[in-house]
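Accompanying notes for the structure given below.
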Amino acid sequence: MRIRTDGDYAYRRDAIERAVDFYDCNKTKAIVSACDDISKFVQAASSVLERNDHTLKQRQGIAETHSTRAVTFEVESEIVVDTD
C-alpha cells in the first residue's frame, strides 16, 4: 500500500511522523497501531460523553478537547416541552 504525501497531501507525512514518534516504532507499525486504536478511542470517548455524572458544560468541553480534524464529538442538550 502506498500513501501519497506529495503536494496537497504533504500533511500526511507529518501525521505519520507523529504516529511514529508516539508509538516509537517504524512507519508501518505506527500506522497499523493508530488504525487499531482509533475505534477504541472513539468508543471510550463516546462512553465518557454519555455518562450522566458530568454537567453539559463539562461534556461539551470533553467533546471539544477530543475532537480532531477527522473525528468530531458533539454534545447537545434538548429540552422539549409538551403541552396538551
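The values are calculated or read from the model by the stated rules, or taken from the named source; none is laboratory data. Note that this is a predicted model, so its numbers are computed, not measured. Neighbour counts are summed over all protein chains in view; Cβ atoms, including those assigned to glycine, are modelled from backbone coordinates with ideal geometry. Protein only, heavy atoms only, side chains kept; ligands, DNA and RNA dropped before computing areas. Shrake-Rupley method; radii C 1.70, N 1.55, O 1.52, S 1.80 Å.
What the table shows:
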{"item": "Qualifying positions in region 1-41 - exposed (fewer than 10 other Cβ atoms within 10 Å of the Cβ) and within 30 Å of Ser77 (Cα to Cα)", "result": "Ser39, Lys40"}
{"item": "Unmet requirement for Ala19, which otherwise passes all of (1) at pLDDT below 95; (2) closer than 18 Å to Thr68 by Cβ", "result": "(1)"}
{"item": "Those residues of region 32-56 which are more than 16 Å from Thr68 (Cβ to Cβ) and at pLDDT 95 or above, in sequence order", "result": "Val32, Ser33, Asp36"}
{"item": "Residues of region 42-84 classified as out of contact with any helix residue (DSSP H, G or I) (no Cβ under 7 Å at 6 or more places or on another chain) and open to solvent by 80 Å² or more (accessible area, probe 1.4 Å), total", "result": "21"}
